[in-house]
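The values are calculated or read from the model by the stated rules, or taken from the named source; none is laboratory data. All values derive from a computational prediction rather than experimental measurement. For neighbour counting, all protein chains shown are included, and Cβ atoms are generated from backbone atoms with ideal geometry for every residue, glycine included.
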Number of protein chains: 2
Amino acid sequence: MSASLKIAIAGLGTVGGGVFKALKARNDALSLRAGRRLEIVAVCDRDETKRASFPTGKWLTDLQDLAAIDVDVIVELIGGENGAAPALVEATLKAGKHVVTANKAMMARHGARLAVLAEEKGLALRFEAAVAGGIPIVKSLRESLIAYGITAVRGILNGTCNYILTQMEATGRSFDDVLKDAQRLGYAEADPALDIGGGDTAHKLALLTAVAFGVKPDLDALSVQGIAHITPEDISFAREFGYRIKLLGIAKMTAQGIDHRVQPAMVRVGTPLADVDGVFNGIVADAREAGPYFFEGRGAGECPTANAVIADIVDIALGNVGPAFGIPATSLVTLSPSPSGSASSPFYLRFQVLDVPGVLAEIAGHLAKWRVSIESMIQRGRAPGEAVSIVMITHETSHAAVENALKTIAASDKVVAPPCMIPMEAK
Amino acid sequence: MSASLKIAIAGLGTVGGGVFKALKARNDALSLRAGRRLEIVAVCDRDETKRASFPTGKWLTDLQDLAAIDVDVIVELIGGENGAAPALVEATLKAGKHVVTANKAMMARHGARLAVLAEEKGLALRFEAAVAGGIPIVKSLRESLIAYGITAVRGILNGTCNYILTQMEATGRSFDDVLKDAQRLGYAEADPALDIGGGDTAHKLALLTAVAFGVKPDLDALSVQGIAHITPEDISFAREFGYRIKLLGIAKMTAQGIDHRVQPAMVRVGTPLADVDGVFNGIVADAREAGPYFFEGRGAGECPTANAVIADIVDIALGNVGPAFGIPATSLVTLSPSPSGSASSPFYLRFQVLDVPGVLAEIAGHLAKWRVSIESMIQRGRAPGEAVSIVMITHETSHAAVENALKTIAASDKVVAPPCMIPMEAK
C-alpha cells in the first residue's frame, strides 16, 4: 500500500462534521477502496468549542495556517462565492495540493479559472458535493454519459423548493404558510431567498451545464425565476391537466445556442421528474442515441453530501485526477445562451379577471395577435362583477410571444393581478 | 498529449459495431476527454463480409492473432460464459494489456479470478457494459456510493422481461402471446430462455452484488425464478392492490447473510421501480444514512451499451485503473447467502380452486398451521363446481413458511393448478 493520503478539512459545519465522522468510522473500508490510508491530519474551524467532538492531529482556527500544513488534499467546506473560499482554493492549488469542495457558488463563479490553475499543476479540483448531494451526477456526466454527447439536462436541484411544492400539492396550503413550516422543520433557511428565488438551483445548473456541454460555468448566461408566485390554484390546475409544478434547472442545446434557465415548469405525471417528491433531487440527462438517463437521491444533508466529498477524496487517492469539467479547462468554451425568450414550449397561463362580458374575447384577441394559439381552457365558477380565474394551455409557442401577449393583457382594467405563465416541459 | 491509446475490438456484433462507429465518429471529442488519441488498431471477427463496413488497420479473423498485436486495450465483445472469451481475457491480461468487456456471463462466473490476474499486473478489467446497458451503475457503486456502505440493491435488469410484463399489463394478453410479439419485434431472442428464465438478470445481479458488498461474484449463491408463470390475472390483481409485477434482481444484507435472488416481485405503484416501463432498466441502491439512490436508463441496445464500453476505455486512457470490483480482488470475500427461504416479506398468493363449499376454510387452515396470516383477500365471481381464483395478501412472513403451506395446499383435490406466490417488496 502506498503512503497515506493526508487530508485537511476546512470548515466543520454539517457537511465537514459528517466527512470527519465517516472518514474516522469507516477508515479501514475506505482505505481499502482508496488503495492507501486516508488520514485527517488537520481541521480548521473558528469555533474552538467543536474541538472536543473532532479529535485530530492539528486544530487550526485561521485558514492562513493551512498553507503551512503538510497535506495532499484540502477539503474546502467553508462556503461563500467570493472571499475566503476561493482564496483558500487558489492558495491550495498554487501550493501543489488537491482540492475537494462542496462550494457551488464559488465553483459556478470561479470554477473555470480555478480548474485551469489545477490542471496546469496536474491537480484535482473535485466538486461532486456541490450538485445534488450524494447523487453521482457530476461524475456520471464527466466520465460515463460521454460517448454520444449530451443534448439536454433537466433537474430538480433544490430540496427546499421541492419540499415546499410537494407540501403545497399535498395540503392545498399557500406558499407562505408552507415556507413557514419548512423553516420551523429546518428544511428552509431563516433567509430562504437563495433557495426559493432559484439562485441555489442556478449555481448547480451552471456546474451541470459546464460538465454536460464542455462550457465554462456561467451564472450570467442564465435566466432565473423562483417559486414564490406559485399558488395552490396553479398546482391544482396543473394536476387537472395531468402535470405537477417543479422548479427545474434546464440546459438544452438548441439551434440558437443553449437554452439555459431556472424556472418553475409543468412536468407531466408519469415522467420521472414528476415523481421526485419532498427533499429529493432528480436529474434527467438526454444522451442522444444512448437514450435518456434518470438519477434520483437525497440532494442535501450531512450524509449524502459527505458521501460525495468522500468519493472525491477516494478518487484522488486512487490517482483519478482528470480535468474538473471532463475536458481540459483550457478547452472549455464560452457558453452561447439562446436569445432570451426564444425557448419554445406549450405554456400554462392563468389570468385573474373580473367576471364581466367581453373579458375572454379581449384576452383571446391579444393572444391571437401574438400568434399564441390555445389548446384548452378552464374557467371555473361564476361571480359576476368579481374576480375569477381563467386558465389556458397553449400550443407550442415561444416564450417571447407569450410574454408580449401577457404584457398587453396585464394592462387591461379587467385583469386584476399579474398573469402567471409556466412552461410545460415535454419530458 | 500522451501517446495514443491503442485499442483492439474482438467481436463486431451490435455492440462492437457501435463502439467502432462511435469511436470513429466522435474521435476528437472523446480523445479530448481521454487526454490522448483513441486509436482502433485492430478488429477481430470471423465474418469477413463485415470488413468493408469497418475499415481499420488490421482485420483479424482468429482471436489467437490478437496476442501478437501491439495494443494497450482489448475490448472483448465475443460473449460466452466459458471458452474463447475468458481464454482471450486471460491471455490479454497475461500479456500486460487492459481489458474492457460487456460479457456478464463470463464476469459473473470468472470475474473474481480474472480480477486477481488484472490487479497483480496493475491492469484494468472493466465491465460497465455488462450490467444495465448505459446506466453507470457499476461505476457509481464502485466509486461514488461508498462512504456508508450499501445495504441493498434491487434492480430491473432485463429489458426483455420488463417489456413483456409492461405489455401484458397494457394489453391484458397472455405471456405466450406477448413473448411471440416481442420476438417478432426483436425485443426477445429466438431462444428466450436466458431472458425469461431469469438467468440474464442473475448474471447482472451477481456483478452488482460483488461491487456493492465487496464479495466474489457467485452465481451459485443465487436463487433464480423467471416470469413464464405470471398470468394476466396476477397482473390485474396486482394493480388492484396498488402494485406492479416486475422481475427483480435483489441483493439485501440481512442478519443471516445476503438475501440474494432473482424473482418476480410486487412493486408498489409510486415507488421508482414500478414506473420503469418497457425495455428500460432501473436500479435502487440503499446507502444507509446517505439515503436511497435510483438510476434509470436504457438497459441494452447498440448505443447505450457502446456508451458504457467507451466510458471504460476513456477511464483507462486517463489512467483510472483501480480494482475491478472497487476493492482489491484478493480482499473480495466469499458471499454468505442467507438460508434459502429465510427472506421475509408480505406475499401475494393466488389459488385456482373448485368453487365448492369448504375450499376457503381448507386453504385458510393450512396457512394458519404455518402461521401465515392473511391481510386481505379477493374472490371474484362464482362458478359453482368450476374453477375460480382466490387471491390473498399475507402479512410479513418467511418465504419458507409460505412455501410449506403452499405445498400442502397444492395437494388438495379442490386445488386445480399450482398456487402462485409473489413476494411484495417494501420499496
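The lone criterion from (1) aliphatic (A, V, I, L, M); (2) closer than 27 Å to A:L93 by Cα; (3) within 8 Å of chain B (Cβ to nearest Cβ) left unmet by A:A290 is number (2).
Is it true that B:E76 is more than 14 Å from every other protein chain (Cβ to nearest Cβ), buried (at least 23 other Cβ atoms within 10 Å of the Cβ) and modelled with pLDDT of 95 or more?
yes
Taking the range A:107-205 as the region of interest, the helices (runs of 4 or more DSSP H) fully inside it that hold 1 or more residues being in contact with a Gly (Cβ under 7 Å, 6 or more places away or on another chain) and away from every other protein chain (no Cβ under 14 Å) are A:159-171, A:193-196.
Taken as a whole, the condition of being among the hydroxyl-bearing types (S, T, Y) and modelled with pLDDT under 95 applies to B:T254. Looking at the structure I just gave you, is B:A34 surrounded by 20 or more Cβ atoms within 10 Å (Cβ to Cβ) and assigned by TED's automatic domain parsing to the domain that holds B:L88? In short, yes. Look at the range A:14-41: where a residue is within 9 Å of chain B (Cβ to nearest Cβ) and closer than 20 Å to A:G79 by Cβ and a partner is of a type in the set (D, E, K, R) and assigned to a helix (DSSP H, G or I), sitting 6+ places away or on another chain with Cβ atoms under 7 Å, you get A:G18/A:E302. Contact annotation: residue pairs with Cβ atoms under 6 Å, 6 or more positions apart or on different chains, pairing a residue in the range A:301-328 that is at the interface with chain B (Cβ under 9 Å from one of its Cβ atoms) with a partner that is among the hydroxyl-bearing types (S, T, Y), are A:E302/A:T14; A:A311/B:S144. In summary, A:L335 fulfils each of the numbered conditions (1) more than 30 Å from A:G35 (Cα to Cα); (2) without any contact (Cβ under 8 Å) to a residue 40 or more places away in the chain; (3) of a type outside the set (V, I, T) with the single exception of condition (2).
Of the residues making up the range A:128-139, those that are at pLDDT 95 or above and more than 16 Å from A:G249 (Cβ to Cβ) are A:E128, A:A129, A:P136, A:K139.
On the basis of being surrounded by fewer than 21 Cβ atoms within 10 Å (Cβ to Cβ), more than 30 Å from B:R268 (Cβ to Cβ), out of contact with any Cys (no Cβ under 6 Å at 6 or more places or on another chain) and within 14 Å of another protein chain (Cβ to nearest Cβ), does A:L332 make the cut? No.
Does A:A411 satisfy the condition of being surrounded by fewer than 16 Cβ atoms within 10 Å (Cβ to Cβ) and on the phi < 0 side of the Ramachandran plot? It is true that A:A411 is surrounded by fewer than 16 Cβ atoms within 10 Å (Cβ to Cβ) and on the phi < 0 side of the Ramachandran plot.
Residue under question is B:V43, and the condition is that it be under 30 Å from A:G122 (Cβ atoms), surrounded by 15 or more Cβ atoms within 10 Å (Cβ to Cβ) and of a type outside the set (G, A, S); does it hold?
Answer is no for this residue.
On inspection, A:V262 qualifies as more than 9 Å from chain B (Cβ to nearest Cβ), touching a residue at least 12 places away in the same chain (Cβ under 8 Å), closer than 26 Å to A:A112 by Cα and surrounded by 22 or more Cβ atoms within 10 Å (Cβ to Cβ). Scanning the range B:200-226 for residues that are farther than 18 Å from B:G326 by Cα and without any contact (Cβ under 8 Å) to a residue 60 or more places away in the chain turns up B:D220, B:V224, B:Q225. State whether one or more residues within the range B:277-284 are more than 30 Å from B:G13 (Cβ to Cβ) and more than 7 Å from chain A (Cβ to nearest Cβ). So far as the range B:277-284 goes, yes, one or more of its residues are more than 30 Å from B:G13 (Cβ to Cβ) and more than 7 Å from chain A (Cβ to nearest Cβ). Only a single criterion out of (1) in contact with a Leu (Cβ under 6 Å, 6 or more places away or on another chain); (2) assigned by TED's automatic domain parsing to the domain that holds A:D220; (3) of a type outside the set (D, E) is not satisfied by A:A152, namely (1). If only residues of the range A:364-397 that are of a type in the set (D, E, K, R) and modelled with pLDDT of 90 or more are counted, the one that is farthest from the chain's Cα centre (by Cα) is A:K369. The set of residues from the range A:369-390 being over 17 Å from A:S412 (Cβ atoms) and touching a residue at least 60 places away in the same chain (Cβ under 8 Å) comprises A:S376, A:I378.
Listed residues A:T160, A:T166; which is surrounded by fewer than 23 Cβ atoms within 10 Å (Cβ to Cβ) and either touching a residue at least 24 places away in the same chain (Cβ under 8 Å) or in contact with a helix residue (DSSP H, G or I) (Cβ under 8 Å, 6 or more places away or on another chain) (or both)?
Working: A:T160 fails: surrounded by fewer than 23 Cβ atoms within 10 Å (Cβ to Cβ).
After applying the criteria, what remains is A:T166.
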